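S.K.: Below you'll find the structure I mean.
The values are calculated or read from the model by the stated rules, or taken from the named source; none is laboratory data. Treat the numbers as computed from the prediction; the structure is a model and nothing was measured. Because the Cβ atoms are built from the backbone with ideal geometry, glycine has one as well, and the counts that use them run over all protein chains shown.
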Amino acid sequence: MEMADSLEKEKKTVDIFPLGKGKRVLVYLCDLIINFALAFFLFNIAVFPSARSIIHVDEKTSEIASFGTKRDSVLYGNNLLFAVDEEKKASAYFNGSLTNTFTRYSSYFVNDASSDYDVFHNYYITIKNDASSYISVMKSNDKDLSFFDYSGSSPVLKDTYKKEFKPAFDSKDSLGDTAKSHYESFQNNFFLQCYYDMLGDIEKNDLTYGGVSYKTCQNHVNELSNVIDNTIAVSSYISEAMSILLLFLLVPLLGKNSKTVAMLFMKVERVNVYSLKLSRNRDVLLYFIYQVALNLALILFVPLPTVSINLVFGLGVLLPLSLISLGLAVISLFFVLFNSFNRSLSDILTGTILITSDSLDEIYRSKGYKV
């Protein structure tokens, strides 16, 4: 009995520390960037090129250009758009023609050029015989700087602005800083807004020239554009799904200790916060769900450079998905910053914690395993 009482198992204390806050955030960021890079590669190399061939994107793009040119011919024919020259009346030159139209519109009010350049008068009064809409549209977009005097029978550019804008039409002179700011506001905040209002009215009520319907052509452009946009969006979803499945499901299931790629490179382990046991394969699916939610933050940029940065914001639900995922990531970041064990939201929900591989080795040594 005395010998039995004297035999006591040696107790060994092992201090295990959670991953530091910075390193915990870095694990997430690395996985996020690796996932984005793979999705970006899949989209541009395999998924979208295949989809592009299936739906004949090049043919649809040519059709869009053709219908766009016919649509714009209605504007040119009705003196609502003025091209730089006759050779530049294709839809590809619309923005250039619109800038030229603004210059001519301004010259009418500043330099008493031809009244034909008052495109809003041409549409609302000459074509529609609707003087009230003409004044209403101008006034609604002329609130900030109040460019026009409406006391007479027709709007007149105020003398202050006439004087300021004169140098814009003199090759030997240039606008001052204040005048330049006002002139840009006249273009962007007044003219373009009025023009978009006018186009909106045309799309709603239609306008024709030479047997061509603006509304019909625009509808064709919209339908074809939607097909291409939807194809790009779906290709983004597929690319992202393939990347996430590979990185956050297959790699953890087939690899060692259910690790993601970032965890492998950074020598990090996920263990149960209470038992300090390694994650099991059957737990991978639960982690996978949270990984999906947290790694969609960059899906918005997967279609680049196929689509310009300005256009990606209009592709399906890519933007909402990115914002939701980013929001969850920010919430998770707050948990890391203010949790005493540096656990993210997904760590807490799964009952796990991240530690270094060296800490795991210490646990094994304390249990008598050879590492």
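S.K.: Give just the number: which of (1) among the hydroxyl-bearing types (Ser, Thr, Tyr); (2) modelled with pLDDT of 95 or more; (3) surrounded by fewer than 21 Cβ atoms within 10 Å (Cβ to Cβ) does THR306 not satisfy?
M.R.: (2)
S.K.: Of SER275, SER279, SER225, SER258, which residue is in contact with a Lys or Arg (Cβ under 6 Å, 6 or more places away or on another chain), at pLDDT below 95 and among the hydroxyl-bearing types (Ser, Thr, Tyr)?
M.R.: Answer to the check: SER279.
S.K.: Quick one: in the stretch 155-179, which of the residues that are exposed (fewer than 14 other Cβ atoms within 10 Å of the Cβ) and hydroxyl-bearing (Ser, Thr, Tyr) is farthest from VAL110 (Cα to Cα)?
M.R.: My answer is THR178.
S.K.: Let me ask another. Quick one: SER322 ticks every box in (1) in contact (Cβ under 8 Å) with a residue 24 or more places away in the chain; (2) over 10 Å from the mean Cα position of the chain (by Cα); (3) closer than 23 Å to LEU249 by Cβ; (4) in a helix (DSSP H, G or I) bar one, so which box is it?
M.R.: (2)
S.K.: Which one of ASP197, ASP173, ASP201 is under 30 Å from LEU318 (Cβ atoms) and of a type outside the set (Lys, Arg)?
M.R.: ASP197 is the lone residue from the list that is under 30 Å from LEU318 (Cβ atoms) and of a type outside the set (Lys, Arg).
S.K.: With respect to VAL25, determine if the residue is within 30 Å of GLU223 (Cβ to Cβ), at pLDDT below 95 and buried (at least 17 other Cβ atoms within 10 Å of the Cβ).
M.R.: Considered against the rule, which asks whether it is within 30 Å of GLU223 (Cβ to Cβ), at pLDDT below 95 and buried (at least 17 other Cβ atoms within 10 Å of the Cβ), VAL25 comes out as no.
S.K.: Do any residues in the stretch 159-184 that are assigned by TED's automatic domain parsing to the domain that holds TYR108 have Cβ atoms under 7 Å from those of residues that are in a loop (DSSP other than H, G, I, E, B) and modelled with pLDDT of 90 or more, where the two are at least six apart or on different chains, and which pairs are they?
M.R.: These pairs meet every condition: TYR161/PHE147.
S.K.: Then there is this: Listed residues LEU354, LEU311; which is closer than 20 Å to VAL284 by Cα and either over 32 Å from the mean Cα position of the chain (by Cα) or assigned by TED's automatic domain parsing to the domain that holds VAL284 (or both)?
M.R.: LEU354
S.K.: Consider VAL261 carefully, then state whether it is within 25 Å of SER340 (Cα to Cα), surrounded by 18 or more Cβ atoms within 10 Å (Cβ to Cβ) and not basic (Lys, Arg).
M.R.: no
S.K.: So how many residues does the stretch 294-303 have that are over 22 Å from PRO252 (Cα atoms) and surrounded by fewer than 19 Cβ atoms within 10 Å (Cβ to Cβ)?
M.R.: Residues meeting the conditions: 1.
S.K.: Select from the stretch 125-144 the residues that are part of a loop (DSSP other than H, G, I, E, B) and under 35 Å from the mean Cα position of the chain (by Cα) and write down the one among them that is nearest to TYR196 (Cα to Cα).
M.R.: By that ranking, first place goes to ASN141.
S.K.: Only residues that are of a type outside the set (Val, Ile, Thr), over 18 Å from LYS267 (Cβ atoms), in a helix (DSSP H, G or I) and modelled with pLDDT under 90: list them for the stretch 329-371, please.
M.R.: LEU345, SER346, LEU349, SER366
S.K.: Residues being under 15 Å from ASP229 (Cβ atoms) and in contact (Cβ under 8 Å) with a residue 12 or more places away in the chain: count how many of those fall in the stretch 300-310.
M.R.: Residues that pass the stated criteria total 6.
S.K.: Against the condition in contact with a Pro (Cβ under 9 Å, 6 or more places away or on another chain) and part of a helix (DSSP H, G or I), how does SER235 come out, does it pass?
M.R.: Yes.
S.K.: Report yes if some residue within the stretch 134-146 is closer than 19 Å to TYR108 by Cβ and either in contact with an Asp or Glu (Cβ under 6 Å, 6 or more places away or on another chain) or of a type in the set (Val, Ile, Thr) (or both); otherwise report no.
M.R.: Yes, the conditions are met somewhere in the stretch 134-146.
S.K.: Could you count how many residues in the stretch 126-154 are touching a helix residue (DSSP H, G or I) at 6+ places or on another chain (Cβ under 7 Å) and surrounded by 14 or more Cβ atoms within 10 Å (Cβ to Cβ)?
M.R.: 10
S.K.: How do the pairs read when you match residues in the stretch 275-293 that are surrounded by 13 or more Cβ atoms within 10 Å (Cβ to Cβ) with residues anywhere that are at pLDDT below 80, using Cβ under 7 Å and keeping only pairs 6 or more apart or on different chains?
M.R.: Cβ pairs passing all conditions: LEU276/ILE16; LEU276/ILE363.
S.K.: Continuing with the same structure: Considering the stretch 104-125 alone, what residues qualify as being touching a residue at least 40 places away in the same chain (Cβ under 8 Å) and either on the phi > 0 side of the Ramachandran plot or surrounded by fewer than 17 Cβ atoms within 10 Å (Cβ to Cβ) (or both)?
M.R.: Once the filter is applied, which keeps residues that are touching a residue at least 40 places away in the same chain (Cβ under 8 Å) and either on the phi > 0 side of the Ramachandran plot or surrounded by fewer than 17 Cβ atoms within 10 Å (Cβ to Cβ) (or both), the stretch 104-125 yields SER107, ASN111.
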